[in-house]
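Notes follow once the structure below has been shown.
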């Protein structure tokens, strides 16, 4: 079992990382403000699933494979950058708040699944997120504290929970901001262009680093 002191340090490190602007944050803010809290929380759920998979893949050594096979890392990185660029273009082309204002009730589950999938893919197609897990988790695993797998599970649960808490907080904040944006058309345009530009910038950064 991970000691309380080490766990607090781990939580502090996660808080710093999650507070840094990134594609996940931009996606949560845009989805929540334009499509509503249900879609924002669905995207947060998708990101949580992706982080769970990152922890599992790191434990299985897939991250080490990515480090030892540069061509595989490059392939995943390029696909991830293209996907972020695709999302950015979709946001840019859509009318402000238009994605969640209409549609039959029967289509609601499908669109929510789409938000979950978007959250999952945006994170899973970012190999740096997987490498982050593979680098961070071993630093807090100590043989004298018990079985390594149980420590990885404990740390993984904390990693996913802290990330989900950040994402839910961002989603709720974005919905509050959206209520003001609905009465200011120009601000809606600026908001849409800003998030599109941010995602395109993250896609470019991912593709060239």
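Just so it is clear, none of the values below were taken in a lab; they were calculated from the coordinates. What you are looking at is a predicted structure, and each value in this text was computed from that prediction instead of being measured. No Cβ is skipped: glycine too gets one built from the backbone with ideal geometry, and neighbour counts run over all protein chains shown.
Tabulated data
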{"quantity": "Rounded FRET efficiency, nearest 0.05, which uses the C-beta distance separating residue 20 from residue 89 and R0 of 25 Å", "calculated": "0.55"}
{"quantity": "Net lengthening on full extension, residue 13/residue 194 (0.36 nm per residue, minus Cα-Cα)", "calculated": "62.4 nm"}
{"quantity": "Neighbour-count order for 205, 35, fewest beta carbons within 10 angstrom listed first", "calculated": "205, 35"}
{"quantity": "From the C-alpha gyration tensor of the stretch 138-178, square roots of 5λ in Å", "calculated": "34, 7, 5"}
{"quantity": "Ordering of 114-122, 162-170, 40-48 by packing [mean C-beta count within 10 Å, highest first]", "calculated": "40-48, 114-122, 162-170"}
{"quantity": "Exposure proxy order (Cβ contacts within 10 Å, fewest to most) of 71, 193", "calculated": "71, 193"}
